[in-house]
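S.K.: Could you have a look at this structure, given as structure tokens, before my questions?
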Amino acid sequence: MDKYILVGKTLEELENFMIDNNQSKYRAKQVYNWIYLKSVKDFDSMSDLPVSVREMLKEKSQLCSISIKDKQISKDGTMKFLFELSDGEYAEAVLMRFDNRANLTACISTQVGCPMGCTFCATAKLGYKRNLDYNEIIQQIFLIQADTGLKVTNIVYMGQGEPLLNFDNLLKSIQIFREHFQVGARRITVSTCGIIPKIKELAKLNFQSTLAVSLHAPNQDIRKTIMPVAEKYKYEDLINTLKLYTQETGRRVTIEYVLMKHVNDSVEDAKELAYSIAKLKSNVNLIVYNQNEKSSYKKPDKAAVQKFKYILEASGKKVTIRLERGADIDAACGQLSAKMKKV
Ligand code: SAH
């Protein structure tokens, strides 16, 4: 018989589990705190539980259905976790610490592989296997906390997969992060390649986390050569949908733009982008392309990045350049490909 998975359960569910197993109900609150406040590695660390309760838990339940298969640490401190799922598939997450801030940001996956086929992204090359269920999504954060003993303060859905194509599990996982892990809505960011109908649904739900959109092009022509999703959801329609989204939620969106040499990094591209998003309530996050061996795209020159930034700023946008993190362990944006460490 499958064991009962504890991480992700509400206090009420844990209480019922305790009662079903002839334990007093108040033990559930202790377990709840060990899971969500302390993220302990195992039942023996739940030191205020009597041995008999711990034995019952070991017999009838387990904390997670996924496990850490491998962990790599970059020279900049970034950590990449490879998780093994119960069906033998793999998923990855990345933990980033920025020296000047107390924040600890975890980047998590929502799918095994990815179906979107962006031509520049390493995850796309894996193809698509399946959606992660919400338990597999939240367990990534639990296991990172259990392994490091640190509290994740910010969560970005920017790992493998397209979060908006796994909509119900996405929303359920966010709810659990907010309610049980005590991570505020504003500290959660969901990145999408632009699935229009789902963005409209988020608008209706008055989504309060940050929506980031991988735009990566100043127009439809360029976008469709690098992002197949643009065939289905056109550039103009995407921008208009985002305008609606900002009106309905009152929230600014983040426009993500990966700069690739001679693809989308010219002065004209910057001007055209500034024009297309001029009336969209948005900040821009420029990402310098992370090269990988399987791709022929190149990093832009430093001067091109600065010019691009300057043109957008001159148009009135707030622009940030995303710091490259963990490139030496293939943990940077677009490098997640769930490959096992070669030994
Ligand atoms: N599918 C979602 C979530 C992935 S987020 C989305 O498309 O937004 C990962 C981000 O890294 C996306 O913006 C993606 O376009 C970007 N990316 C992919 N390959 C990259 C690379 N080689 N260098 C820099 N960014 C890359």
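The values are calculated or read from the model by the stated rules, or taken from the named source; none is laboratory data. Predicted model, so just to flag it, every value in this text is computed and none were measured. Because the Cβ atoms are built from the backbone with ideal geometry, glycine has one as well, and the counts that use them run over all protein chains shown.
Residue-wise test of (1) farther than 18 Å from residue 177 by Cα; (2) among the aromatic types (Phe, Trp, Tyr); (3) outside the structural domain of residue 123 (by TED's automatic domain parsing).
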| residue | (1), (2), (3) |
| --- | --- |
| 33 | no, no, yes |
| 41 | yes, no, yes |
| 47 | yes, no, yes |
| 73 | yes, no, no |
| 77 | yes, no, no |
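S.K.: Quick one: is residue 338 more than 23 Å from residue 262 (Cβ to Cβ), surrounded by 17 or more Cβ atoms within 10 Å (Cβ to Cβ) and either away from the ligand (no atom under 12 Å from the Cβ) or not assigned by TED's automatic domain parsing to the domain that holds residue 269 (or both)?
M.R.: yes
S.K.: Of everything in the stretch 114-130 that's touching a Ser or Thr at 6+ places or on another chain (Cβ under 7 Å) and surrounded by 18 or more Cβ atoms within 10 Å (Cβ to Cβ), which residue is nearest to residue 296 (Cα to Cα)? Can you show your working first?
M.R.: From the stretch 114-130, those touching a Ser or Thr at 6+ places or on another chain (Cβ under 7 Å) are 114, 120, 122-123, 125-126; that's our starting set.
Cutting the leftovers down to surrounded by 18 or more Cβ atoms within 10 Å (Cβ to Cβ) gives us 114, 120, 122-123, 126.
Numbers: 114: 20, 120: 8, 122: 12, 123: 15, 126: 17 Å.
The qualifying residue nearest to residue 296 (Cα to Cα) is 120.
S.K.: Select, from 138, 226, the only residue that is away from the ligand (no atom under 13 Å from the Cβ), touching a Ser or Thr at 6+ places or on another chain (Cβ under 6 Å) and of a type outside the set (Lys, Arg).
M.R.: Working: 226 fails: away from the ligand (no atom under 13 Å from the Cβ).
Every option except 138 fails the conditions.
S.K.: Looking at this structure, is residue 242 touching a residue at least 40 places away in the same chain (Cβ under 8 Å), buried (at least 18 other Cβ atoms within 10 Å of the Cβ) and within 26 Å of the chain's Cα centre (by Cα)? Can you show your working first?
M.R.: Numbers: touching a residue at least 40 places away in the same chain (Cβ under 8 Å): yes; buried (at least 18 other Cβ atoms within 10 Å of the Cβ): yes; within 26 Å of the chain's Cα centre (by Cα): yes.
Here the answer is yes, as residue 242 does meet what is asked.
S.K.: Go through the stretch 221-233 and give me each residue that's farther than 17 Å from residue 260 by Cβ and surrounded by fewer than 16 Cβ atoms within 10 Å (Cβ to Cβ).
M.R.: 231, 232
S.K.: Scan (1) touching a strand residue (DSSP E or B) at 6+ places or on another chain (Cβ under 7 Å); (2) outside any helix (DSSP H, G or I); (3) polar (S, T, N, Q) for the single condition residue 182 breaks and write down its number.
M.R.: Condition not satisfied by residue 182: (1).
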